[in-house]
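Comments concern the structure below.
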Amino acid sequence: MGIFSRLSWFFKHQWKQYLLGVIALILVAVCNVIPPRIIGNVVDAVSKRNMTGQFLISNILTLFIVAIIQYLLRFLWQKMIYGSSYVLERDLRSRLFRHFMKMDTTFYQKWRTGDLMAHATNDIDAVRDVAGPGILTLADSLITGSSMILAMGIFINWKLTLLAVLPLALLAVMANVLGNKIHLAFRDSQAAFSSINNKTQESVVGLKVLRALGQETEDENDFNKYVEQNIKANKRSYRLDALFDPLTTIIMGISYTLTIVFGGLAVLQQKITIGQLISFITYMAELMWPMYAVGSLFNLLERGSASYDRISELLSEKSSLVKVRDALTTVPDGTIDFNIQSFHYPDDTTVALHQVHFQLGAGQTMGIVGPTGGGKSTIISLLMRDFDHYKGKITIGKNDIRKYDLSSYLDKIGYVPQTNFLFSTDVRDNIRFANIKATQSEVENASYIADLDDDILKMPDQYDTQVGELGVSLSGGQKQRLAIARAVLSDPKLLILDDSLSAVDSKTERNIEQRIAQNRQHGTTIIAASRLSSVEHADEILVIDSGTIVEQGTHQELLHQAGWYADTFNLQAKNAELEGRLNNEQ
């Protein structure tokens, strides 16, 4: 029952709706008392041979009126109780989604996508059932059970009633013994569902790789292991849950036996009439639902409790991103001063950056290059505020970036990663995602800057062409250029290209660079690249290796230093020349 106390915040908010629902249930229970009473009176009238047509018609009319009243009352309690439970579902889904939106990179490294989806679907459904069917089952079983027992004691015989309901105390013992075991079993069951959800999501997303490597059979076998674990966890939970109904049947059988034996003796001793015994047995039949409902109730409560624990654990996760009072909501503008003494990723003691200092004036372009794993993406992650805990300071226009409201800060940054996420909609809406009110001419201009306009015009429906899930209908280069167009359209103060030209050829790369430079004369741009031709026209270039700056300067200055940059540039130039010769020969 602890789940009800943990959901008290919701019940307090919806107390009027639940009160109306419970009142309707009480009135339904009162109506349920009437039919057995009428049946008993009719049986007595028949047995005493004083049945009249008027008596029969009046009783049938009473049953008809009671049925209509019950219909209206049942509609009311379903609307109030079930309707309120969907309000809880909406609130929990909204809270989880907002929580997901504000969490940091570390959170998404800890929790897998399939697991988060399981929390947002299966677990919330289980909690909603507590606030809907759970409340109904608890209130209805208590109200119906109490009203039937009172009717049996008041209208028939209190001694026979006490004898008949005495075995029902065994239900409380049974519930206490099985309760904790069912809670743990359902928690394991929900965890198994999360695991299989993770596996399914991973396999579907990685289907092309699985096929390319010929690992379909191995992955299917691995998936079957998760299925078996899920089945095993569910079998245990349902096996424990299934113990309720047989035990309830046995207990009700004992009550019926006692009723028939001692009720029959009471009729023979003329303490009650045959009609009263039939009414008593009818009331006992009405008690069947509350008794069986106990098993259903514990199922709902324990499943909901386990799910609410999982949701609460998720919501208790705190973002490591810094939040300050009176956060700045102004547009971040001015010189970027990047001054980091040291930074390491959470749960990793290895220093990722150390003694990295540079300045980038407003309107300038900076290139960041270096060996793989040298720290290029880490610098960009700190600028994007994926992590806020480091020794040092990053300022824009003399304001520490951690003092900005995160949404206001990121709203003025255009970020294009190497691997881009495209939405399952058309080309136009993917480009104008950050500014859905953008005009067609603005969309076309952004496409031109990204050198994508000609490609789009060749597509079947041009800007109305559906890109498919994750942009499956586009090539790698088209995906990158569409993402560049999307970032450019938002007119960001700071544009960050994180190796986002790797899938385009040299000619397209030069076109994009020239058009970005022409259209962003007052915007600041950072280009991280593996291909050095992407940054040779930058105002300044940083060479990052082992988490620190090893070379710094313009393209010409770095060539004169004859270090890593000069060696790599010459090697890439020779490779490009050789590739060009081979293409000409073909």
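When you check Ser316 against the structure, is it out of contact with any Ser or Thr (no Cβ under 8 Å at 6 or more places or on another chain) and under 23 Å from Met103 (Cα atoms), yes or no? When the stated conditions are applied, Ser316 passes them.
Scanning segment 301-339 for residues that are in a loop (DSSP other than H, G, I, E, B) and touching a Gly at 6+ places or on another chain (Cβ under 7 Å) returns Pro332, Asp333, Gly334, Thr335. In segment 493-530, the qualifying residues are those that are in contact with a strand residue (DSSP E or B) (Cβ under 9 Å, 6 or more places away or on another chain), within 24 Å of Gly476 (Cα to Cα) and not hydrophobic (A, V, I, L, M, F, W, C), and the one that is surrounded by the fewest Cβ atoms within 10 Å (Cβ to Cβ) is Ser530. Going through (1) surrounded by fewer than 22 Cβ atoms within 10 Å (Cβ to Cβ); (2) within 26 Å of Ile541 (Cα to Cα); (3) in contact with a strand residue (DSSP E or B) (Cβ under 7 Å, 6 or more places away or on another chain); (4) assigned by TED's automatic domain parsing to the domain that holds His555 one by one, Lys403 falls short only on (2). Restricting Ile251, Ile231 to those that are of a type in the set (Val, Ile, Thr), in a helix (DSSP H, G or I), within 21 Å of Ser189 (Cα to Cα) and at pLDDT 75 or above reduces the list to Ile231. Name the residue that is modelled with the highest pLDDT, counting only residues in segment 206-219 that are in a helix (DSSP H, G or I) and surrounded by 13 or more Cβ atoms within 10 Å (Cβ to Cβ). Here the answer is Asp219. Among the residues of this structure, Tyr390 counts as one that is among the aromatic types (Phe, Trp, Tyr), touching a Leu at 6+ places or on another chain (Cβ under 9 Å) and farther than 30 Å from Phe193 by Cβ.
Taking the listed residues Thr106, Thr161, the one that is hydroxyl-bearing (Ser, Thr, Tyr) and out of contact with any helix residue (DSSP H, G or I) (no Cβ under 8 Å at 6 or more places or on another chain) is Thr106, with no other qualifying.
The set of residues in segment 119-128 that are charged (D, E, K, R) and surrounded by fewer than 22 Cβ atoms within 10 Å (Cβ to Cβ) contains only Asp125. Residues in segment 355-374 that are within 37 Å of the chain's Cα centre (by Cα) and assigned to a strand (DSSP E or B): 1 in all. Pairs, please: C-beta under 6 Å, at least 6 apart or cross-chain, first residue over 14 Å from Lys16 (Cα atoms) and in segment 73-89, second basic (Lys, Arg)? Going by the 6 Å Cβ cut-off, the qualifying pairs are Leu88/Arg128; Glu89/Arg128. Selection of first residues in segment 392-404 that are at positive phi and of second residues that are surrounded by 16 or more Cβ atoms within 10 Å (Cβ to Cβ) and part of a strand (DSSP E or B), restricted to Cβ pairs under 7 Å at least 6 apart or on distinct chains, gives the following pairs, ordered by first then second residue: Gly392/Ile340. Criterion applied to Leu88, Leu72 was being in a helix (DSSP H, G or I), of a type in the set (A, V, I, L, M) and surrounded by 14 or more Cβ atoms within 10 Å (Cβ to Cβ), and the one residue passing it is Leu88. Taking helices (runs of 4 or more DSSP H) as the structural unit, those lying wholly within segment 381-455 and holding at least 2 residues that are at pLDDT 85 or above correspond to 440-449. Restricting Ala327, Ala306, Ala362 to residues that are crowded, with 18+ Cβ neighbours inside 10 Å and at pLDDT below 85 narrows the list to Ala306.
The values are calculated or read from the model by the stated rules, or taken from the named source; none is laboratory data. Since we're looking at a predicted model, the values are computed, not measured. Cβ sites come from the backbone with ideal geometry, for glycine too, and all protein chains shown count toward neighbours.
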